[in-house]
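**Q** Let me begin by handing over the structure; questions about it come next.
What follows is calculated from the coordinates using simple rules that are stated; it is not laboratory data. Since this is a predicted model, take the numbers as computed values, not measurements. Every residue, glycine among them, receives a Cβ derived from its backbone with ideal geometry; neighbour counts consider all protein chains shown.
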Protein chains: 2
Amino acid sequence: MATDTSSFTGGSLLLAWQLKGKRVLIVGGGDVASGRIESVLVADALVTLIAPRDGLHPLTKRFIESSDRITYHDRTFAGPEDLVDVDMVLTAIDDVETSRTICAMARALKVPINVADIPPSCDFYFGSQIRSGPLQIMISTNGQSPKLANIIRRRIENSLPEHAGEAIEKVGQLRNKLRERAPGVGGELGKRRMRWMVDVCTAWEMEDLAALDGEMMAKLLDDGWEYNRVPKVQEVGGRPRQSTKTALQKISGLLLSSAAGVIVGAACTALVFLKRRA
Amino acid sequence: MATDTSSFTGGSLLLAWQLKGKRVLIVGGGDVASGRIESVLVADALVTLIAPRDGLHPLTKRFIESSDRITYHDRTFAGPEDLVDVDMVLTAIDDVETSRTICAMARALKVPINVADIPPSCDFYFGSQIRSGPLQIMISTNGQSPKLANIIRRRIENSLPEHAGEAIEKVGQLRNKLRERAPGVGGELGKRRMRWMVDVCTAWEMEDLAALDGEMMAKLLDDGWEYNRVPKVQEVGGRPRQSTKTALQKISGLLLSSAAGVIVGAACTALVFLKRRA
């Protein structure tokens, strides 16, 4: 973890919670609830949604109609029986009393809970998030400034390498193909596999990784992995691309433009003088 | 949440877990464990650390010596009695069998657990993280490519506005002062408070927010909040600052350097000719 040296406390433990096949109970169907539904569906959860139909947000409706992983109940929260076999509870309703009751029940059962807008009833918070395929980024200011969290999120979004999500997806596929070709867990082979993957990710630009297709991956493994080297993009059939300028290149650009100026200036003045002489 | 339109699954639910006053059991004291200790101390947890002294990482030793929130036991994991009243378990030991046993015990007690290097024994993963004061950022590639996660983390670190962490800290302090001055929960006043804070964060640069001190905050509230406006940095005693260069300014810089080059070149050549004449 990259940290500064300050001894800051008051932070959170940022986690990537695993929900594959887990049951998440969502109470409420409005705007906030629709965002929660999206977040947990992305994590492969099985959702039970309890909310009267007349208060459903259009997005919530669309999720109910389109996902086979949502069990929908057109009613309000009924009691402890709604918490049986539930692995996580998210409530997003306006009724503070009911929210607190659900929180107490969940905590008695040791089921993690988030109650929208009531921090003391939350075992965890949601942050400002970016998602692009398998890439997920969360920005948290630990409740100090949601606005600055948003400003920082936008800046990060704008500065993210283009196709970062696709690059990660392709690298994941390449790693799976490599594991098929050179199977086995741990040991020297495992280390060589990891090193080669790191070398590929370091040598290739994000955009080139994103452009990998099945044929190129096969060639990369044939001409690269088998000879323990990292071929250039063109060698495996990738399109050569103008490389991104480094800081050094920008400075040389600046110096070159100054130097060009000196030459142009000198030439013009020389011309003037020579013309005068003539 | 900002998302692309793809229907990606296989993701995680990114969370900011709250550990203030919670008991975290860490089994193991090596390199990985020392990182875990740091992460949970930042989140104000109470740590119980179980690990034989002879295997402690220097950083782990330093944490044990310097933090009064760590209860240290110089021994190996003893059994279920070690899990009594524990809110979270993190293990980072080489003994796969013991790790799996601890995992089974924790799950029976419904205590969230992370077992380093054994994904199926993890209720949650840790991602690549950035921390700067109250600002915390996590980058997860959902296990597809830890190397790309690191590359992206470094790029984000380099592109983060300088002093972002300090800015967030100061904005948090300003908000607290505003709440003292105009107290009350929710309602019209709450909305006005929130709007004014958003306006300040939008109008001021990150560096100016970071430079706020007590006196400036008081003036910002006196001259700003009371009149429902956002004063300029200089009005509250802040130093005027050269604004960050825009792309246009960079181009003008380039043109100016070329122009300077032309003049220098012309002058030198003129000197040469004039000297010859003399």
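**Q** At 7 angstrom along the Cα-to-beta-carbon line, where would the label on B:Gly184 sit relative to the other copies? Give the distances in nm, shortest first.
**A** Nearest first, the other copies' label points are 7.2 nm away.
**Q** Given the rule -39500 (n - 2.57) for each run of at least 4 DSSP H residues, summed and divided by the residues of the protein assembly as shown, what is its mean residue ellipticity at 222 nm, to the nearest 500 deg cm²/dmol?
**A** Rounded to the nearest 500, the figure is -15000 deg cm²/dmol.
**Q** Please report, in debye to the nearest 20, how large the charge dipole of region A:164-236 is about its Cα centre when each Lys and Arg carries +1 at its beta carbon and each Asp and Glu carries -1 there.
**A** That gives region A:164-236 a dipole magnitude of about 460 debye.
**Q** So in chain A, what percent of DSSP beta bridges are antiparallel if you round to the nearest 5?
**A** On the way: 5 of 21 bridges.
Restricted to chain A, the bridges split so that about 25 percent are antiparallel.
**Q** Separate question: What is the mean number of Cβ atoms from other protein chains located within 10 Å of the Cβ atom of each residue in peptide B:166-172, rounded to a whole number? Mind dumping the intermediate values first?
**A** Numbers: counts 1, 6, 9, 6, 3, 5, 7.
Average neighbour count from other chains, rounded to a whole number: 5.
**Q** Would you work out the Kirkwood radius for region A:104-223? I mean one over the mean of 1/r across all pairs of different Cα atoms, in Å. Show your work: numbers first, answer last.
**A** Working: mean 1/r = 0.0563 Å⁻¹.
Over region A:104-223, the inverse of the mean reciprocal pair distance is 17.7 Å.
**Q** Tally the DSSP beta bridges in region B:1-153 and give the antiparallel ones as a percent, rounded to 5.
**A** Rounded to the nearest five, the antiparallel share is 25 percent.
**Q** Can you compute the modelled spin-label distance between A:Glu157 and A:Asp85, with each label point 7 Å from Cα toward Cβ, in nm?
**A** For the pair A:Glu157/A:Asp85, the computed spacing is 3.9 nm.
**Q** Can you tell me the Rg and the Dmax, both Å, for the Cα atoms in region B:141-191?
**A** That works out to 18.5, 49 Å for Rg and Dmax.
**Q** Would you kindly give the portion of the calculated P(r) for the protein assembly as shown that falls above 29 Å, as a percent of all Cα pairs?
**A** Details: 99790 of 154290 pairs.
Taking all Cα-Cα pairs of the protein assembly as shown, the fraction more than 29 Å apart is 65 percent.
**Q** I would also like to ask the following. Distances from B:Gly79 to the same residue in each other copy, label points 7 Å out along Cα→Cβ, in nm, shortest first?
**A** Once sorted, the set of distances for B:Gly79 reads 4.0 nm.
**Q** What average number of partner chain Cβ atoms lie no more than 10 Å from the Cβ of the residues making up A:117-123?
**A** Average neighbour count from other chains, rounded to a whole number: 2.
**Q** Note down the Stokes-Einstein diffusion coefficient of chain A in µm²/s, whole number, using a Kirkwood radius over alpha carbon pairs, 20 °C, and 1.002 mPa s.
**A** Diffusion coefficient, whole number: 90 µm²/s.
**Q** Also: Measure up A:Lys22/A:Lys61; A:Lys191/B:Lys22; A:Lys22/A:Lys219; A:Lys110/B:Lys177 against 29 Å on the Cα-Cα distance and list the ones that go over.
**A** A:Lys191/B:Lys22; A:Lys22/A:Lys219; A:Lys110/B:Lys177
**Q** Once the mean 1/r over all distinct Cα pairs of region A:23-125 is inverted, what Kirkwood radius in angstroms do you read off?
**A** It works out to 13.3 Å.
**Q** Follow-up question, since we're still on this one. B:Pro146 label points, 7 Å along Cα→Cβ, one per copy: pairwise distances from this copy to the rest in nm, shortest first?
**A** 3.6
**Q** With a cut-off of 8 Å between alpha carbons and a minimum separation of six or more residues, what is the relative contact order of region A:164-236 in percent?
**A** Normalised by residue count, the contact order of region A:164-236 is 40 percent.
**Q** So, one more: Tell me, what are the semi-axes, in whole angstrom and largest first, of the equivalent ellipsoid of region B:85-150 as set by the roots of 5 times the Cα gyration tensor eigenvalues?
**A** Here the semi-axes work out to 25, 16, 10 Å.
**Q** Moving on. Count the DSSP beta bridges whose two residues both fall in the protein assembly as shown, then state the antiparallel fraction as a percent rounded to the nearest 5.
**A** In the protein assembly as shown, approximately 40 percent of DSSP beta bridges are antiparallel ones.
**Q** Please report the relative contact order for chain A, taking Cα pairs under 8 Å with a sequence separation of at least 6, and give it as a percent rounded to a whole number.
**A** Values: 300 pairs, mean separation 28.9, N = 278.
Over chain A, the number comes to 10 percent.
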